[in-house]
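Comments concern the structure below.
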Amino acid sequence: MKKLFIIPAILVCFNFRAKAQELNASVKVSFQQVTNVDPTIFTALESSVQQFMNNTRWTNDVYAPEERIECSFLINITDAVSSDYFKADLTVGSRRPVYGSAFFCSMFNHKDMNFNFNYIPFQPMEFSETSFLNNLTSVLSFYAYIILALDYDSFSPEGGTAYFNKANQIVQNAQQSPELGWKSFDNAGRNRFTLSEDFLNPAFKSYRTFLYKYHREGFDNFYNDFEKARPKAIEALAGIEEIFKQKPNSFLLQVFFNSKRDEAINMLKDAPKVETANIVQIMRKVDGANASRWDEILKNN
């Protein structure tokens, strides 16, 4: 079980000499839409980002190689404004192993539509905890801390608070940046500002309670006593309704369903109807656009 340590809020510049740490990130740069730039730049970018994510020490904890968090970063370059400034979107995913099995739970699956950045090959990628240096490493570091926070929350109640706070600090540091995605009004509120605020908002505490109960009390006990653990996972799912009651169109609900919908449906479809009837009604209400998918669960029970 991971223990939580707080990192002092000091200036930290990361380089690639550090030992591989918490993340096991795969990075892919797609650039099919761009034809006016030497493609070797994007090959260098892919390598640089992968080294930055995997060789940075994000926490004070010691991870064994098999404990590193599996995550992915797909950078889709949509335009080369100049030889070193690019418009892109970023898809981030992470997953968590289930104790005693070869199964992984999806923890985060999100597409950031506002990922524009400068990149010059072979220049060091630096990040500061106390100031905004550049958009590339700030966005990547923001999502590194979100991934860590979600993972820690799944192992202990609100265990990821320190890392949600670090993600929020990156947002605050970026408020004077001209780049999109950092301010509350960017992209109609679907942005990094809202994401970090929602995770720390007491009104949405039920999401973080869900993370622990669903994974630690539910899925991690499937190996020992599946019939007893599954109702706990289902009960944890029901807690998501509290977010809907607070704010029906919450960005956090969108993030939840992008990350967990398929997994939850697959878990429920083989459960007896007595266990699923109530949760299906809740999910039909909370995830109205996909009500038919939840209805299929009851048809198959």
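Extension gain, residue 120 to residue 217, is 30.3 nm, computed as 0.36 nm per intervening residue step minus the present C-alpha separation. Taking Cα centre as origin and charging only the Cβ of basic (Lys, Arg, +1) and acidic (Asp, Glu, -1) residues, the dipole magnitude of the chain rounds to 480 debye.
Since only 23, 102, 132 are under comparison, the one whose Cα sits farthest along the positive direction of the charge dipole of segment 23-200, derived from C-beta charges on Lys, Arg, Asp and Glu, is 102. DSSP assigns beta bridges within the chain; of those with both partners inside it, close to 70 percent run antiparallel. Between 163, 207, 85, the residue with the greatest mean-square fluctuation in the GNM of the chain (Cα pairs under 10 Å linked by springs) is 85. Working note: Karplus 6.51/-1.76/1.60 with θ = phi - 60° gives segment 117-127 the couplings 7, 8, 8, 10, x, 6, 7, x, 8, 10, 9 Hz, where Gly and Pro are set to x.
Projected over all directions and averaged, the alpha-carbon convex hull of segment 23-200 occupies 10.6 nm². In segment 206-300, a dipole from Cβ-located charges (positive for Lys and Arg, negative for Asp and Glu) runs towards its positive end, and of 249, 266, 297 it is 249 whose Cα lies farthest in that direction.
Packing, taken as the mean count of other beta carbons within 10 Å per residue, orders the peptides 181-188, 139-146, 268-275, 237-244 from highest to lowest as 139-146, 237-244, 181-188, 268-275. Determine the distance separating the Cα centre of segment 271-301 from the Cα centre of segment 180-213; give it in Å without decimals. Answer, in whole Å: 26. Going by the alpha-carbon gyration tensor, a ≥ b ≥ c the square roots of its eigenvalues, is segment 206-300 rounded (a/c under 1.5) or, if a/c is not under 1.5, prolate (a/b greater than b/c) versus oblate? Oblate, since a/c reaches 1.5 and b/c is not below a/b.
Listing 153, 225, 198 from fewest to most neighbouring C-beta atoms within 10 Å gives 225, 198, 153.
Taking Cα atoms only, the orientation of helix 161-173 departs from the longest principal axis of the chain by about 40 degrees.
Proximity of backbone amide H atoms, modeled 1.01 Å from N, is registered between residue 108 and 94 at under 5 Å, excluding neighbours fewer than 5 places apart on the same chain.
Where a number appears in this text, it was derived from the coordinates with a stated rule and is not lab data. What you are looking at is a predicted structure, and each value in this text was computed from that prediction instead of being measured. A quick note on method: Cβ atoms are made from the backbone with ideal geometry, for glycine too, and the neighbour counts reach across all protein chains shown.
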